[in-house]
Amino acid sequence: MSINRRKFLNRSILSSFALSLGIISCKDEKAKSTDVAEASLTNSAPKYPITIATWDNRGATEAAMKELLAGKRALDGVEAGAKIPEANPKDTSVGYGGFPDRDGNVTLDACIMDEKGNAGAVTFLQGIKHPISVARKVMEETPHVMLSGQGALDFAIAQGFKQEEMLTENAAKAWKKWLEKKEYQPKVNSERHDTIGILAIDQKGDISGACTTSGMAFKMHGRVGDSPIIGAGMYVDNEVGGAAATGLGEYVMTTLGSFLIVELMRQGMTPQEACEEAVKRIVKKYEDTGEPFQVGYIALNKQGDHGAYSIQKGFNYALYHKENEAFEADYFNKDKK
Ligand code: ASP
């Protein structure tokens, strides 16, 4: 058992009850900064419903919890949660408003997985605001797990999704600025890596997960990262728990980070220990590859215990059990800024 000390970013004044009545929203809360100790107790009493998301995506955890408190499946919760940043033009790493590739195309990746081991994914999808919902349709309406590019788009349109422009003025401006130097450097947190991975356990104790992104800003045309890859960007197993990733996808893919974390939990690690081990594997293999880069993981076991860890300082996450909160994750590179 390990006690993880995390910097408390912001405590919501919301109770689950107030949220379920729709009386208040967490969006206008002011940040407090206090320190709290968070226990990761593997054998503690079950803590669910619960939901956790990469980065301070409290809008997403709020939307997910609303579904969970209404008695819906964890799958409904994670889809609802993922749709919040997907629709937010200010979120430059996910869905509408996401930064484009180096040729100016916004290409979207997403995956979803339920408690039965069903999964769906889309990659290189253009012109659809909610790739996570298309991924769910792939899971539910096709014999396949993943559809890509034009095939994914054709499928989405056939399923009734509307084709829209995904490149916002702000993203186009950032792209034009990038074109002046054309430097591709996935720097530490500089692009915020706001990919959302979200996990939830519903009132029945079943787990699901979702992950959605516009990928690395100014990537090569056609590049697909870890986020839509089951086992890399996200993975759940209803016997054990789930995990999700954010950051430089190439290293998450080559270590199958989310699958690894779930398997480490199966072997007895706490979610925190498993996230730390998965980060250490990446550091060990790739630390000497040049520019510092960021990878962050979140994990949830079936009791509702959670973990989060990143390579560099600056990764945070949203967690909603009784309250909707955001925490700074512990990280590996303590000796560096
Ligand atoms: N993991 C995402 C990718 O490599 C990027 C991110 O998290 O920002 O596509």
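Numbers at a glance
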| quantity | calculated |
| --- | --- |
| Residue in region 263-271 that is buried (at least 21 other Cβ atoms within 10 Å of the Cβ), within 15 Å of the ligand (Cβ to nearest atom) and among the hydroxyl-bearing types (Ser, Thr, Tyr) present | no |
| Selection within region 217-247 - more than 14 Å from the chain's Cα centre (by Cα) and within 16 Å of the ligand (Cβ to nearest atom) | Ala217, Phe218, Lys219, Met220, His221, Gly222, Arg223, Val224 |
| Residue selected from region 169-213 under the condition at pLDDT below 95 and of a type in the set (Ser, Thr, Tyr), by the criterion farthest from the ligand (Cβ to nearest atom) | Tyr184 |
| Residue match in region 119-126 (condition: in a helix (DSSP H, G or I), within 16 Å of the ligand (Cβ to nearest atom), at pLDDT 95 or above and buried (at least 22 other Cβ atoms within 10 Å of the Cβ)) | no |
| Options Glu277, Glu287; residue that is more than 13 Å from the chain's Cα centre (by Cα), at pLDDT below 95 and more than 15 Å from the ligand (Cβ to nearest atom) | Glu287 |
| Those residues of region 84-96 which are away from the ligand (no atom under 13 Å from the Cβ), under 24 Å from Ile207 (Cβ atoms) and crowded, with 23+ Cβ neighbours inside 10 Å, in sequence order | Glu86 |
| Residue list for region 114-149, filter: over 21 Å from Ala217 (Cα atoms) and out of contact with any helix residue (DSSP H, G or I) (no Cβ under 8 Å at 6 or more places or on another chain) | Lys116, Gly117, Ala135, Met139, Glu140, Glu141, Pro143 |
| Among (1) within 16 Å of the ligand (Cβ to nearest atom); (2) at pLDDT 95 or above - the single one Phe99 does not satisfy | (2) |
| Matching residues in region 226-247 - criterion: being surrounded by fewer than 24 Cβ atoms within 10 Å (Cβ to Cβ), touching a residue at least 40 places away in the same chain (Cβ under 8 Å) and touching a helix residue (DSSP H, G or I) at 6+ places or on another chain (Cβ under 9 Å) | Ile230, Asp237, Glu239, Val240 |
| Helices (runs of 4 or more DSSP H) fully within region 1-96 counting 1 or more residues that are touching an Asp or Glu at 6+ places or on another chain (Cβ under 8 Å) and modelled with pLDDT under 50 | 16-20 |
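The values are calculated or read from the model by the stated rules, or taken from the named source; none is laboratory data. Nothing here was measured: the structure is a model prediction, and the numbers come from that model. Cβ sites come from the backbone with ideal geometry, for glycine too, and all protein chains shown count toward neighbours.
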